[in-house]
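This report concerns only the one structure given below.
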Amino acid sequence: MVNISDCIKKLHKDGYYSSNKILTKKDLNALRKLVQINLKKNNNSYFFLADKKLNKTYINNKIFIKKFENLFDKLSTNLKLKNYKKQKIYKVLRVIAGNRSKKESYRYHFDAHLFTVLIPIFIPKNKTKNNGDLIIYPNFRKLTNILIINIIQKLLFQNRIAKFLLKNKIIFNNKEKILKLKPGNIYIFYGYRTLHGNKDIDPNQVRATLLLHFYDIFNESNLVKLNRNLRLKNEEKIIKNNKK
Ligand SMILES: [Fe+2]
């Protein structure tokens, strides 16, 4: 299991923590099967499934999800987070393949939840590039519970101009870290504080990740909820088009 104080130290110092001790072979195989079944349904194209859509899958398997509930519980206790017991893990299965690969790359953003656990399921294995490496700017912003500051920071960094400047290393080049993802490992970082995205992906290959988010900073905000639901509607449309 994960040594929590070691993990928190690394989160602050390196901006991420990775471990090969949480995911079992059985877990990885079950996740791979889940991705393959859904890829077939989506004609081998990009899809994004979240929250309730994953309820009846292996991701909601008690033994599997409990490991991460325990992990988030320990992290939250250690950091003395308020009211974390009221919150649940927000699960996302993000599978990139086909023509949308380019659009999905370098989509730098901050997450809504404090913690992000990234579990690589399928990662392209090209010799040099286009493997969709994870790009992080660790602990790039501070934690704030003022919604307007969050929105302004998001507007500043989640747009085409910022994408161009970051991608071409014109700004904040010294803060960038590239993580080559290895299935079997899990990667933890402060998704809320860390600006992140992924590098290019070969459109003929699949990059599948399971994202487990915990501790929604604006848990009570209807605006954030609305925004999340709009995103989900948009993702549903993509899936509908995949099936045509
Ligand atoms: Fe994210």
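Here are the numbers:
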read-out	value
Residue count, the range 65-114 (criterion: open to solvent by 20 Å² or more (accessible area, probe 1.4 Å), farther than 15 Å from Leu212 by Cα, within 16 Å of the ligand (Cβ to nearest atom) and at pLDDT 95 or above)	3
Options Tyr192, Tyr187: the member that is modelled with pLDDT of 95 or more and assigned to a loop (DSSP other than H, G, I, E, B)	Tyr192
Pair list, Cβ < 8 Å and 6+ apart or interchain, from the range 191-206 residues that are farther than 14 Å from Thr116 by Cα to residues that are open to solvent by 50 Å² or more (accessible area, probe 1.4 Å) and within 14 Å of the ligand (Cβ to nearest atom)	Asn198/Arg107
Failed criterion for Val224 (all others in (1) modelled with pLDDT of 95 or more; (2) of a type outside the set (Phe, Trp, Tyr); (3) touching a Phe, Trp or Tyr at 6+ places or on another chain (Cβ under 8 Å) hold)	(1)
Sole residue being of a type in the set (Lys, Arg) and out of contact with any strand residue (DSSP E or B) (no Cβ under 8 Å at 6 or more places or on another chain), chosen from Lys129, Lys177	Lys129
The range 158-179: number of residues that are more than 14 Å from the ligand (Cβ to nearest atom) and either assigned to a loop (DSSP other than H, G, I, E, B) or loosely packed, with under 14 Cβ neighbours inside 10 Å (or both)	13
Residues of the range 37-48 that turn out to be crowded, with 17+ Cβ neighbours inside 10 Å and in contact with a helix residue (DSSP H, G or I) (Cβ under 7 Å, 6 or more places away or on another chain), as a count	5
Considering residues of the range 180-232 that are over 26 Å from Asn61 (Cβ atoms) and within 13 Å of the ligand (Cβ to nearest atom) only, the residue surrounded by the fewest Cβ atoms within 10 Å (Cβ to Cβ)	Gly197
Any pair with Cβ under 8 angstrom, 6 or more apart, that starts in the range 14-36 at a residue that is within 20 Å of Val206 (Cα to Cα) and open to solvent by 70 Å² or more (accessible area, probe 1.4 Å) and ends at one that is modelled with pLDDT of 95 or more and in a helix (DSSP H, G or I)	Lys33/Tyr58
Sole residue being closer than 20 Å to Gly15 by Cβ and not basic (Lys, Arg), chosen from Ile188, Ile238, Ile201	Ile188
Top-ranked residue in the range 118-141 [being within 11 Å of the ligand (Cβ to nearest atom) and under 10 Å from the mean Cα position of the chain (by Cα); ranked as surrounded by the fewest Cβ atoms within 10 Å (Cβ to Cβ)]	Leu134
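The values are calculated or read from the model by the stated rules, or taken from the named source; none is laboratory data. This is a predicted model, so every value here is computed, not measured. Methodologically, a virtual Cβ is constructed for each residue, glycine included, from the backbone with ideal geometry; neighbour enumeration extends over all protein chains shown. When the accessible area is computed, the model is the full protein with side chains, heavy atoms only, and any ligands, DNA or RNA have been set aside. Shrake-Rupley method; radii C 1.70, N 1.55, O 1.52, S 1.80 Å.
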